[in-house]
Amino acid sequence: MADGTGRAGGIRVLLVDDHQVVRRGLRTFLEVQEDIEVVGEASDGEEGIARAEALGPDVILMDIKMPGTDGIEALRRLRELANPARVLIVTSFTEQRTVVPALRAGAAGYVYKDIDPEALAGAIRSVHAGHVLLQPEVALALLSQEDQGAPAGRPGSLTDREREVLGLIADGRSNREIARALVLSEKTVKTHVSNILMKLDLSDRTQAALWAVRHGIAE
């Protein structure tokens, strides 16, 4: 598939959806955004993985239900490859039960397919900045599942500074915003985040945010 010419320096986005009309609609809208560059498209998870590795997008818009390799399996594979792209799931309202495992597989959040175009652009900018996008009903579902098999880590294993950082992660702050709030360097914040995930046996910021809510570190 032909890649978009895009704009140098913009947020590089890859579209992964098995419906060409959906990809076309997304591309048409996103290409008029001054800070967003559509670098490519894929029609299934397998192609999406290959193009993510080849094109190096910042954000991937990923459908869940696709023939062959679906969005959840593609997410898992991208994580195994340590691909740094932030994945934003594009789904429908009726797929809540599928969204939960997608988030657990490493998605940075999700949007509904009928999302307002401007809100979609905002969501892309948000996950690119390091935020996690969770709707309340899905957050509750994730918390319920975590409670059935909670990680072994406990609040007492964290330092006071790590608890501060964790609370800000749960508030949806990016590393840059946390650094500004706590008057730290981004490198120091990144180290704190890595230590938090290691101590609590968590794999990503989404799980960290939910852990913080469950243990009273965040509202």
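No lab work stands behind these numbers, since they all come straight from the coordinates. Only a predicted model underlies this, so the values are computations on that prediction, with no experimental measurement involved.
For residue 190, go through the lysines and keep the ones whose alpha-carbon is under 26 Å away, minus same-chain ones fewer than eight residues off.
Qualifying lysines at Cα under 26 Å: 199.
Convert each backbone phi in region 18-31 into a coupling constant with the Karplus relation 6.51 cos²θ - 1.76 cosθ + 1.60 (shift: θ = phi - 60°), then list the ³J(HN,Hα) values in order as whole Hz, x for Gly and Pro.
Coupling constants for region 18-31: 7, 9, 4, 5, 5, 4, 5, x, 5, 4, 4, 6, 5, 5 Hz.
Can you list residues from other chains, or at least 5 along the same chain, whose modelled amide H is less than 5 Å from the amide H of residue 65?
Answer set, sorted by chain and number: 71.
Return the lysines within reach of residue 113: Cα separation strictly under 26 angstrom, same-chain partners fewer than 8 residues apart disregarded; answer none if there are no such residues.
65
Amide H of residue 109 versus every other amide H placed in the peptide plane: which residues, excluding those fewer than 5 positions away on the same chain, fall under 5 Å?
Amide H to amide H, under 5 Å and 5 or more residues apart or across chains, residue 109 pairs with 89, 133.
Please list 3J(HN,Hα) in residue order for region 175-181, calculated via the Karplus relation 6.51 cos²θ - 1.76 cosθ + 1.60 where θ = phi - 60°; whole Hz, with x for glycine and proline.
4, 5, 5, 5, 4, 5, 5
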